[in-house]
Amino acid sequence: MNNLTQIAYLLTSIFFILGVMRLRSPATARSGNLLAGIGMAIAVIAVLITDHHFSFILIGLAVAAGVIVGTVSAKRVRMTAMPQMVALFNGMGGGAAALVSIGEWIRSSSAGESWTATLSISALFTILIGSISFTGSVVAFAKLQEWITGRPITYPGQKAVNALLFAAALVIAVILMFADPSAMWAAFLIFVILSLALGVLVTLPIGGADMPVVISLLNAFTGLAAAATGFLLANNVLIIAGALVGASGTILTQQMSRAMNRPIANILFGAFGKVSAGASSTGDSDGVVQPATVEDVAMLLAYARRVVIVPGYGLAVARAQQEVRQLADKLAPRGVNVIYGIHPVAGRMPGHMNVLLAEANVPYDKLYEMEAVNPEFPETDVVLVIGANDVTNPAARNEPSSPLYGMPVLNVDQARRIIVLKRSMSPGFAGIDNPLYTNPKTNMLFGDAKETVGQLLRALDDV
């Protein structure tokens, strides 16, 4: 590899690191994406200039196809479907890493080349982790897209079966490391099939509010697969980029699991959201739901001094982020201090609510994370909850029998008044009833969030 390529790869690494650093804040995230994109462009150009062991026609066709699919997908996808797109694109990265390692294994085996232990471990690790990331992400996509049920899919002995399949994959990997690859085609094929199957079987039992954590974990797997591919191909950029993705994904997964007060093992093997018929409700069966009118809520908001808006997936479904920002803008001249309470796992992917509100140009200093906003609720006049079911459920604090018990939630029930915008009384993604809705301080405002907030905007003109 010549000095020009090394310099290009060094620049690429710098751009990647700067890009990841700027992704830490919504205010700098766009420039972070741009910097990372520039780094990737430098790496691709460097490869095209210095390495000529490929067909430029095939590379051009692949680039054209990727640009078309990526551009059309990014422009057409709705914000409600953003988690699905993230899951699918992440899976493509893991699948690509696995395919590269499979291709290298087949090429070297056909040519009779001998591999060092490091290369063998790198290739087999990439195939295993990349395949799990690929098929696991496809299952996550199907769950989020509601092609299959979002609830956990389990069967008796599932954990034992998964453990046996994983053990079998490891045994075959060890055999492949020390045997003649050209004589082990059947074992290699079985190893690939087991790796793909594990991704499906590990993700199927996961559902409910765990999906954002799973997407983050699969993203970390993709990064590890890319880094291992870098060792296989002796490519420093792949090693650095994969390590960045793997490390950031792992840290994010740990932070989100702590936010839910549940260990990673419990998320992966606990089948969260699979609730028995006799224990599905954590609410007060004798509680009374108190509906409200738009005029009543407009009056409350107009004479409040502090309002906290808590967004959830219902906001994304209704695409009401623009109307919510307009509501805050309309209340500000009345002396109402409006902030937004963001739970780490609200929505269907990490940072989902931040992305939605950033799209509506909500000021970043108005976005309060859970730890910052929870102390504010006792002094809050009105909380406006828009579809955030599971992350506002007080049963997580008060009901040891609830599947949510122990998960840190937004303490909206401590506010003076709570207004919940929902289409119906149906439970959230985790399938758990919310006793907040029968709290004497709570009023329910039923309807589509976009239409309801629009009516609130008009009603405020008459207050």
field: Distant-in-sequence amide H partners of N337 (H built 1.01 Å from N, under 5 Å)
entry: R306, V307
- line: Per the rule of 0.36 nm per residue minus the C-alpha distance, extending Q254 to F446 adds in nm 65.5 nm
Modelled FRET efficiency - R0 35 Å, F178 with L99, Cβ distances, 0.05 increments: 0.90
task: Please turn the phi angles of segment 402-418 into ³J(HN,Hα) values with the Karplus equation 6.51 cos²θ - 1.76 cosθ + 1.60 (θ = phi - 60°), one per residue in order, whole Hz, x for glycine and proline.
output: 6, x, 7, 4, x, 7, x, 10, 6, 7, 5, 5, 8, 6, 5, 9, 10
statement: Between the alpha carbon centres of segment 355-410 and segment 1-16 the gap in Å comes to 44 Å
- prompt: With charges set only on the Cβ (+1 for Lys and Arg, -1 for Asp and Glu), what does the dipole of segment 284-460 come to about its Cα centre, in debye to the nearest 20?
  reply: 420 debye
- prompt: Could you give the dipole magnitude of the chain about its Cα centre, charging the beta-carbon of Lys and Arg +1 and that of Asp and Glu -1, in debye to the nearest 20?
  reply: 280 debye
message: Is the C-alpha gyration tensor of segment 382-459 telling us rounded, prolate or oblate? Criteria: a/c under 1.5 is rounded; beyond that, a/b larger than b/c is prolate, otherwise oblate.
response: prolate
query: Per Stokes-Einstein, at 20 °C and 1.002 mPa s, what whole-number D in µm² s⁻¹ belongs to segment 284-460, with the Kirkwood radius over Cα pairs as the hydrodynamic radius?
result: 135 µm²/s
message: So if each residue of separation counts as 0.36 nm, and I subtract the Cα-Cα distance between V44 and I193, what length gain in nm does that give?
response: 50.5 nm
field: Length released on extending from A247 to L170, taking residue separation times 0.36 nm less the Cα-Cα span
entry: 25.4 nm
- line: Simple SL model, points at 7 angstrom along Cα→Cβ for E399 and W185; separation in nm is 5.8 nm
- line: Rounded to the nearest 10, the angle in degrees between the Cα long axis of helix 29-50 and the longest principal axis of the Cα atoms of the chain comes to 10 degrees
- prompt: What pairs from K143/K366; K75/K366; K75/K143; K75/K422 go past 24 Å between their alpha carbons?
  reply: K143/K366; K75/K366; K75/K422
- request: Amide H neighbours of G312 under 5 Å, at least 5 residues apart or on other chains, H built in the peptide plane: list them.
  value: I386, A388
- prompt: Using alpha-carbon pairs under 8 Å, 6+ residues apart, how would you state the relative contact order of segment 77-269 in percent?
  reply: 28 percent
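Rounded to whole Å and sorted largest first, what semi-axes of the equivalent ellipsoid does the C-alpha gyration tensor of segment 211-255 yield via the square root of 5 times each eigenvalue?
Working: eigenvalues 93, 15, 5 Å².
So the equivalent ellipsoid measures 22, 9, 5 Å along its semi-axes.
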query: Which residues make up the longest stretch of the chain that has no trypsin sites (Lys or Arg not before Pro) in a DSSP loop with at most 11 other Cβ atoms within 10 Å?
result: 79-463
message: If I fit a long axis through the Cα atoms of helix 321-331 and take the longest principal axis of the Cα atoms of the chain, what angle between them do I get, 0 to 90°, rounded to 10?
response: 40 degrees
C-alpha long axis of helix 236-259 to longest principal axis of the chain, angle in °: 30 degrees
statement: For segment 10-90, listing chymotrypsin sites (Phe, Trp or Tyr not before Pro) in a DSSP loop whose Cβ sees at most 12 other Cβ atoms within 10 Å gives F54
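As a check on your grasp of the helix formula, calculate [θ] at 222 nm for the chain: sum -39500 (n - 2.57) over DSSP H runs of n ≥ 4, divide by the residue count, round to the nearest 500.
-19000 deg cm²/dmol
Let me have the relative contact order for segment 284-460, percent, based on Cα pairs under 8 Å that are six or more residues apart.
31 percent
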- request: Provide, in order from the shortest bin, the percent of all Cα-Cα pairs of segment 77-269 in each 10 Å bin, continuing until the bin that contains the maximum pair distance.
  value: 10, 35, 35, 17, 4, 0
message: Among L232, M82, V245, which residue has its Cα furthest toward the positive end of the charge dipole of segment 77-269, with +1 on Lys/Arg Cβ and -1 on Asp/Glu Cβ?
response: M82
- request: Tell me the label-point distance for the pair Q326, T28, using the 7 Å Cα-to-Cβ offset, in nm and rounded to one decimal.
  value: 3.4 nm
Mean separation of Cα contacts under 8 Å (6+ apart) over length of segment 1-145, as relative contact order %: 22 percent
Residue-by-residue Karplus 3J(HN,Hα) for segment 12-25, coefficients 6.51, -1.76, 1.60, Hz, glycine and proline x: 4, 4, 4, 4, 4, 5, 5, x, 5, 4, 7, 6, 5, 10
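With a Förster radius of 60 Å, plug the Cβ-Cβ distance of N337 and S110 into 1/(1 + (r/R0)^6) and report the FRET value to the nearest 0.05.
On the way: r = 69 Å, r/R0 = 1.15.
With a Förster radius of 60 Å, E is 0.30.
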- prompt: Between L4 and S426, what is the spin-label point distance in nm, taking each point 7 Å from the Cα along the Cα→C-beta axis?
  reply: 5.9 nm
query: Give me the log10 of I(q) over I(0) for the chain at q = 0.09, 0.13 Å⁻¹, as the Debye formula computes it from C-alpha points; what are the numbers?
result: -0.67, -1.18
field: Average projection area in nm² (convex hull over Cα atoms of segment 128-209, one quarter of hull surface)
entry: 5.8 nm²
- prompt: Across segment 368-375, in residue order, what do the Karplus-derived ³J(HN,Hα) couplings come to in whole Hz, using 6.51 cos²θ - 1.76 cosθ + 1.60 with θ = phi - 60° and x for Gly and Pro?
  reply: 10, 6, 4, 5, 7, 8, 4, x
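Every read-out reported here was derived from the displayed coordinates using simple, explicitly stated rules and does not represent laboratory data. These numbers come from a predicted model, not from an experiment. Every residue, glycine among them, receives a Cβ derived from its backbone with ideal geometry; neighbour counts consider all protein chains shown.
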